[in-house]
1. Lysine pairs in the chain 8 or more apart or on different chains: how many have alpha carbons under 29 angstrom apart?
2. Once you charge only the Cβ atoms, +1 for Lys and Arg and -1 for Asp and Glu, what is the size of the charge dipole of segment 9-87 about its Cα centre, to the nearest 20 debye?
3. Against the globular-protein guess of 2.2 N^0.38 Å, express the Cα radius of gyration of the chain as a ratio, rounded to two decimals.
4. Run the accessible area of segment 71-172 with a 1.4 Å probe and give the carbon-and-sulfur part as a rounded percent.
5. Would you calculate a helix-derived [θ] at 222 nm for the chain, using -39,500 (n - 2.57) for each DSSP H run of n ≥ 4 and dividing by the full residue count, to the nearest 500?
6. Using unit Cβ charges (K, R positive; D, E negative) and no other charged atoms, how large, in debye to the nearest 20, is the dipole of segment 51-203 about its Cα centre?
7. At a Förster distance of 25 Å, what's the computed FRET efficiency of residue 36 paired with residue 122, Cβ-Cβ distance as r, to 0.05?
8. Give me the accessible area per residue for segment 1-123, probe 1.4 Å, as a whole number in Å².
Amino acid sequence: MTTPPSLRGEYSKSAARRREIIDAAVAVFSAAGFHKGSLRDVAERAGLSQAGLLHHFPSKHHIIEAVLTWRDARAREVIDEARAEGGLVYLRALITLIESNQRDSPALTELYAVLSAEATSRDHPVHDYFDKRYAWVTASVQKSFEEIAEAGQLRAGVDPGDAARWMLALVDGLQIQWLYDRDAVDMAGSVRRYLRTLLTVEL
């Protein structure tokens with residue numbers, strides 16, 4: 001059944017409003033953290049009443065999950081095709097994603113760093129999200145290193161599982177350093193130079 005034009009217009013307006021709320025939440029939670037940032041703060045920044053915000057997102061938990069889901073969707077636009085090719089192609093796509101985060105979305109990168117640290121507590125609303133995400137990302141990067149090893153492109157003695165964890169630890173650590181001094185830290189460049197020490201071919 002075809003959706004009437006009037007309803008399509010309402011859906012479009014609702015989607016636009018939800019995106020405005022997500023943008024406001026990124027700004028509020030980046031500045032104050034998840035626990036200190038309030039629904040009232042998000043609503044005010046989005047130009048809504050708190051009741052109007054709750055019409056779109058029934059809780060703070062729902063808002064932050066929407067922010068993280070939106071961030072992941074943006075990341076998948078960069079890396080999904082590369083994941084199918086695997087190996088070095090996937091690692092290059094990850095570096096491109098790091099460059100994009102550093103250049104285009106510093107507030108979102110800051111929010112992710114804050115939330116990933118806060119969410120180590122098991123009772124944090126997005127603990128399960130980060131737990132599952134780290135497991136998935138680690139497995140995905142490890143698979144790339146395994147493919148690289150099979151192609152004879154990984155240095156002797158380097159374990160793909162270790163390489164994946166080392167890379168992710170480096171990325172997380174560089175994010176913190178970059179947030180302290182954005183002019184001095186080149187996250188993508190540092191990751192690229194580090195990966196070259198693990199590979200037998202040019203990245």
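1. 5
2. In total the dipole reaches around 300 debye.
3. In units of the 2.2 N^0.38 Å rule of thumb, it is 1.18.
4. 50
5. That calculation yields -26500 deg cm²/dmol at 222 nm.
6. Its charge dipole is roughly 60 debye.
7. Calculated value: 0.80.
8. For segment 1-123, the solvent-accessible area averages 55 Å² per residue.
The values are calculated or read from the model by the stated rules, or taken from the named source; none is laboratory data. Note that the structure is a prediction, hence the values are computed from the model and not measured. Reconstructed Cβ throughout: ideal geometry from the backbone, glycine too, with neighbour counts over all protein chains shown. SASA here: full protein model, heavy atoms, side chains in, ligands and nucleic acids out. Shrake-Rupley method; radii C 1.70, N 1.55, O 1.52, S 1.80 Å.
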